[in-house]
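The values are calculated or read from the model by the stated rules, or taken from the named source; none is laboratory data. Since this is a predicted model, take the numbers as computed values, not measurements. Counting neighbours? That spans all protein chains shown, and the Cβs are built from the backbone with ideal geometry, glycine included. Ligands, DNA and RNA are stripped out before the accessible areas are found, and what is left, the full protein with its side chains, is counted by its heavy atoms. Shrake-Rupley method; radii C 1.70, N 1.55, O 1.52, S 1.80 Å.
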Amino acid sequence: MARGSTLQARLTAGEGRVAVVGAGYVGLSVAAAAAVAGFAVTAIDRDEDRVRALARGRCVVAGVSKPAFRAGVVSGRLSFATDFDAVSGADVVLICVPTPLVDHRPDLSAVEAAARSVGERLHPATLVVLESTTYPGTTEQLVCPLLEAGGLRSGRDFLLAYSPERVNPGDTDFGFAAVPRVVGGHTEAAGDAAAAFYGHLVEEVHRVSSCRAAELAKLLENTYRMVNIALVNELAQLCADQGIDTWEVIDAAATKPFGFQRFEPGPGVGGHCIPLDPAYLTWQTRRDTGRPFRLVELAADVNDQMPDYVARRIGDALNRRGIAVQGAHVLALGVTYKPDVGDIRESAAVHVLAHLAARGADVRFHDPYVARVDQKGLRLRRARLDDRALASADAVLLLTPHRAYDLPGILEHASFVFDARNATRHIDHDADVEVL
Ligand SMILES: NC(=O)c1ccc[n+]([C@@H]2O[C@H](COP(=O)([O-])OP(=O)(O)OC[C@H]3O[C@@H](n4cnc5c(N)ncnc54)[C@H](O)[C@@H]3O)[C@@H](O)[C@H]2O)c1
């Protein structure tokens, strides 16, 4: 592919046009990073409202680096479109569309639609990279044929690779450039081109030998996290039964300088990655072998049961204080899936509240990032958070302790606090607190 070597040279020099399909958290982050690195980028999204707002310079996607977005827009190198015209002039096309689970099965319809639209406009000597999280084989078996439908061939006419987004939303220590990029090409040349491109965006690129290896590496990372969270969640239950302090045990184990990585228990796993990504693996394993991926399925089961367990622990704690769950006034602080982000998708905190509401508790919530909760049968508006609200609650629940919370003030005014994350551990107090 003679034109391919020209593409490689352009990418190595940091030149070229980039089209990013899907201007969500992942797509907009990489689009902004590429624009800052000097590429001319068009972010394409089918959501007209989103594109209109972005084109007006409003960074409407939560979690995306505002300075990078602004720098891209101000430089004139970051633009937005609802049509796919930019694909025909692009050197690099990145596909960053959602891959949700629907009825416990991967729904790759957005990837299919995006690949079809790209395939219709693809010209020779383009590098196409799938970034969406998915199970191994998707790039080669699903995306490749859709791109080749117009007659071009991967490896001969265009280049195809997979590179997962691995950024941790809300993490200020590891920004976009600080997280190494894993890159796997359909061919050697595709891997080379993708590595050259991402080399301008991040500090380190890690090459693997295939798209499948890169796809599975991403699933391994999040599955590892999910399984280890399940381990400490089950440990927390065992410790509660035996009257052992879970956190003391974890602190002690974590002093080992090798072979142990600290994970902490909580009300369950949430967000749209850790609970979902391992399910891609379990779904594929069952589909292809007929066997379960036992450890992963079991871990998911342990985590799924945590919100109910936490709700029962809160109920038992109220009972010991002479208060029935039925009618108890419960104020939950923090309902997003993790602290300091505004994302409520798959949040275990919401599940805990739903369980308490199902037992008759009068459930209220406060969260600086969330105005309403309208899921799992709950229809709640954010409650006021002041001394009176804290004092009048039978239980104040620390489910997602955002940094913005004044924990000493909460401990001073609440009559009883259930701390599902041990957020109060470093505060000197004599309040009535029960820790998960
Ligand atoms: N958000 C994260 O923290 C994160 C981290 C790593 C990986 N991922 C993965 O990256 C992928 C994208 O996630 P996200 O969080 O950016 O999703 P998102 O929902 O924030 O954004 C996806 C965007 O794609 C657009 N879109 C959907 N189908 C389209 C199509 N056919 N053509 C054009 N636009 C289309 C949507 O309108 C939306 O704006 C998913 O596979 C996700 O699992 C997400």
Unmet requirement for ALA217, which otherwise passes all of (1) touching a Pro at 6+ places or on another chain (Cβ under 8 Å); (2) over 30 Å from THR282 (Cα atoms) | (2)
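To keep it simple, each residue is scored yes or no on (1) within 16 Å of the ligand (Cβ to nearest atom); (2) in a loop (DSSP other than H, G, I, E, B).
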residue: ASP288; (1), (2): no, no
residue: ALA300; (1), (2): no, no
residue: ASN303; (1), (2): no, no
residue: ASN319; (1), (2): no, no
residue: VAL335; (1), (2): no, yes
residue: ASP340; (1), (2): yes, yes
Restricting region 222-270 to residues that are among the hydroxyl-bearing types (Ser, Thr, Tyr) and touching a residue at least 60 places away in the same chain (Cβ under 8 Å), the residue that is farthest from TYR309 (Cα to Cα) = THR223
Is it the case that some residue within region 359-379 is aliphatic (A, V, I, L, M), crowded, with 19+ Cβ neighbours inside 10 Å, under 18 Å from ALA317 (Cα atoms) and touching a residue at least 12 places away in the same chain (Cβ under 8 Å)?
-> yes
Condition broken by VAL64, with the remaining ones in (1) modelled with pLDDT under 95; (2) open to solvent by 50 Å² or more (accessible area, probe 1.4 Å) satisfied | (2)
Would you be able to say whether some residue in region 42-56 is assigned by TED's automatic domain parsing to the domain that holds ALA194, under 22 Å from ASP277 (Cβ atoms) and surrounded by fewer than 19 Cβ atoms within 10 Å (Cβ to Cβ)?
-> no
State whether one or more residues within region 319-328 are within 30 Å of VAL227 (Cα to Cα) and either open to solvent by less than 60 Å² (accessible area, probe 1.4 Å) or in contact (Cβ under 8 Å) with a residue 60 or more places away in the chain (or both).
-> no
With (1) open to solvent by 60 Å² or more (accessible area, probe 1.4 Å); (2) farther than 22 Å from PHE197 by Cα as the list, and CYS59 as the residue in question, which single condition is left unmet?
-> (1)
Test: residue in region 408-415 that is among the hydrophobic types (A, V, I, L, M, F, W, C), open to solvent by 50 Å² or more (accessible area, probe 1.4 Å) and in a helix (DSSP H, G or I) | no
If you scan region 10-29, which residues turn out to be outside any helix (DSSP H, G or I), among the small types (Gly, Ala, Ser) and more than 7 Å from the ligand (Cβ to nearest atom)?
-> ALA13, GLY14, GLY16, ALA19
Cβ pairs under 8 Å, 6+ apart, first in region 209-221 and within 13 Å of ARG181 (Cβ to Cβ), second more than 15 Å from the ligand (Cβ to nearest atom) and open to solvent by 30 Å² or more (accessible area, probe 1.4 Å) | ALA214/VAL208; ALA217/VAL208
Which of the residues spanning region 321-333 are touching a Lys or Arg at 6+ places or on another chain (Cβ under 8 Å) and part of a loop (DSSP other than H, G, I, E, B)?
-> VAL325, GLN326
